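J.: Structure incoming, see below.
The values are calculated or read from the model by the stated rules, or taken from the named source; none is laboratory data. No experiment lies behind these values; they were computed from the predicted model shown. Here the Cβ is made from the backbone with ideal geometry for all residues, glycine too, and neighbour counts use every protein chain on show. Heads up: the accessible areas ignore ligands, DNA and RNA and are worked out on the full protein's heavy atoms, side chains in. Shrake-Rupley method; radii C 1.70, N 1.55, O 1.52, S 1.80 Å.
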Amino acid sequence: MTTARVEVRQFSCLSDNFGVLIHVPETGGTIAVDVPDAAPYRAVLAETGWRLTDILVTHHHWDHVQGLGELKSETGARAVGPEMSRERIEGLDETVGDGDEITVAGLGFRAIATPGHTLDQISWWAPQAGLAHTGDTLFALGCGRIFEGDAAMMWASLDKLATLLPPETTVYCGHEYTLANARFAVTVDPDNAELAARAEEIERLRGDGQATLPTTMAAELATNPFLRARDPAIRRHLGLEGASDAEVFAEIRRRKDSF
Ligand code: ZN
Ligand code: FE
């Protein structure tokens with residue numbers, strides 16, 4: 001396949017996690033990305049009639065792997081996750097490291113190591129389908145909290161995604177945190193008209209109880225302050241014109257942690 005037609009279902013799991021199922025009609029296979037909870041996956045699989053064949057895992061946190069064992073034993077799906085968590089995540093059949101390419105359900109994925117939130121974090125990119133799942137690394141208008149890495153590491157991971165993923169890439173992620181992210185983003189990038197318009201749209205969507213994901217790389221590059229540490233207006237606003245990109249990112253992350 002040079003381009004692949006896929007059907008994607010995104011649904012909520014636990015309190016604010018997303019479940020994602022990617023169906024490939026050409027092969028009849030279906031891929032889950034993370035399993036916060038088996039029940040909502042079971043429900044969507046029953047509703048669509050899709051057969052789960054593969055599970056891709058982004059990182060070891062419980063809210064991403066909790067339902068893995070249950071869903072695997074019910075469906076017989078194969079699970080692929082980060083090599084770094086080979087011992088830590090129960091039920092992985094195969095592990096990958098940075099740059100590894102695998103084919104699941106007939107669809108090619110590239111594993112992009114994006115450490116920072118956790119050290120094992122993998123972002124999954126399917127170039128033929130024009131989509132990526134960035135786990136708890138890149139969120140809509142935000143990024144994951146830094147638990148295991150440091151700010152320089154997280155900045156390098158976000159910048160890597162910005163470099164590798166084409167702007168038209170559809171981006172899924174682990175959590176619906178967009179409303180809080182939007183309210184914060186406008187405080188560090190107050191003169192960004194595109195951000196202001198997006199923040200308004202997000203207030204409306206969340207007010208109606210609708211999901212704000214997926215997003216696109218283009219939208220994130222234009223409005224997500226965590227990808228925009230090079231932006232002169234943000235630097236001026238923070239009084240960090242002479243700082244390195246990683247230092248500007250670190251300051252934005254620090255402010256968000258106490259917002
Ligand atoms: Zn996490
Ligand atoms: Fe999470």
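J.: Which angle from 0 to 90°, rounded to the nearest 10, does the C-alpha axis of helix 245-257 make with the longest principal axis of the chain?
T.: That helix lies at roughly 80 degrees to the long axis.
J.: Could I ask something else about it? Starting from the Cα-Cα distance between Arg5 and Ala218, subtract it from 0.36 nm times their residue separation and give me the gain in nm to one decimal.
T.: 74.6 nm
J.: For the chain, what is the calculated [θ] at 222 nm in deg cm²/dmol (nearest 500), taking -39500 (n - 2.57) for each run of four or more DSSP H residues and dividing by its residue count?
T.: Values: 9 runs with 90 residues, N = 259.
Value at 222 nm, helices only: -10000 deg cm²/dmol.
J.: Suppose a student asked you for the relative contact order of region 178-257, using Cα pairs under 8 Å spaced at least 6 residues apart; what percent would you report? List each step's numbers first, then the result.
T.: Numbers: 61 pairs, mean separation 22.8, N = 80.
Computed over region 178-257, the figure is 29 percent.
J.: Another question, then. Counting only protein heavy atoms and a 1.4 Å probe, tell me what percentage of the chain's accessible area is made up of carbon and sulfur. Present the calculation step by step, with values, prior to reporting the outcome.
T.: Details: 5240 of 10770 Å².
About 49 percent, which is the carbon plus sulfur part of the accessible surface.
J.: Taking only Cα atoms, what is the 0 to 90° angle, nearest 10, from helix 178-188's long axis to the longest principal axis of the chain?
T.: 20 degrees
J.: At 0.36 nm per residue, minus the direct Cα-Cα distance, what do Arg204 and Asp191 gain on full extension? Give it in nm, one decimal, please.
T.: Details: separation 13, 0.36 × 13 = 4.68 nm, distance 2.05 nm.
Roughly 2.6 nm would be gained on extension.
J.: Whole-Hz ³J(HN,Hα) for each residue in region 40-47, computed from phi via Karplus 6.51 cos²θ - 1.76 cosθ + 1.60 with θ = phi - 60°, x for glycine and proline: what do you get?
T.: For region 40-47, the Karplus-derived couplings read x, 5, 4, 5, 6, 5, 5, 5 Hz, x marking Gly and Pro.
J.: Okay, moving on. Helix 193-207: angle to the longest alpha-carbon principal axis of the chain, degrees 0 to 90, nearest 10?
T.: The angle comes out at about 50 degrees.
J.: Apply the Debye scattering formula to region 51-118, with a single equal point scatterer on each alpha-carbon and no solvent, then give log10 I(q)/I(0) at q = 0.14, 0.23, 0.27, 0.28 Å⁻¹.
T.: Here log10 of I(q) over I(0) equals -0.39, -1.05, -1.34, -1.39.
J.: Hey, got the dipole for the chain? About the Cα centre, +1 on K and R Cβ, -1 on D and E Cβ, debye to the nearest 20?
T.: Values: 23 positive and 39 negative charges, 62 e Å.
Taking the Cα centre of the chain as origin, the dipole is about 300 debye.
J.: Rank-order 203-212, 7-16 by packing density, defined as the average count of other C-beta atoms within 10 Å over each peptide's residues, highest first. List each step's numbers first, then the result.
T.: Working: 203-212: 12.1, 7-16: 15.3.
Descending mean neighbour count gives 7-16, 203-212.
J.: How much accessible area per residue does the chain have, counting only protein heavy atoms and a probe of 1.4 Å, in square angstrom? Numbers along the way, then the final one.
T.: Values: 10770 Å² over 259 residues.
With the other protein chains kept in place, the chain gives 42 Å² per residue.
J.: Could you tell me the ratio Rg/Rh of the chain? Both radii from Cα atoms, Rh via Kirkwood.
T.: Working: Rg = 17.9 Å, Rh = 18.5 Å.
The Rg/Rh ratio comes out at 0.97.
J.: Jot down the radius of gyration and Dmax of region 178-257, Cα atoms only, both in angstrom.
T.: 12.8, 42
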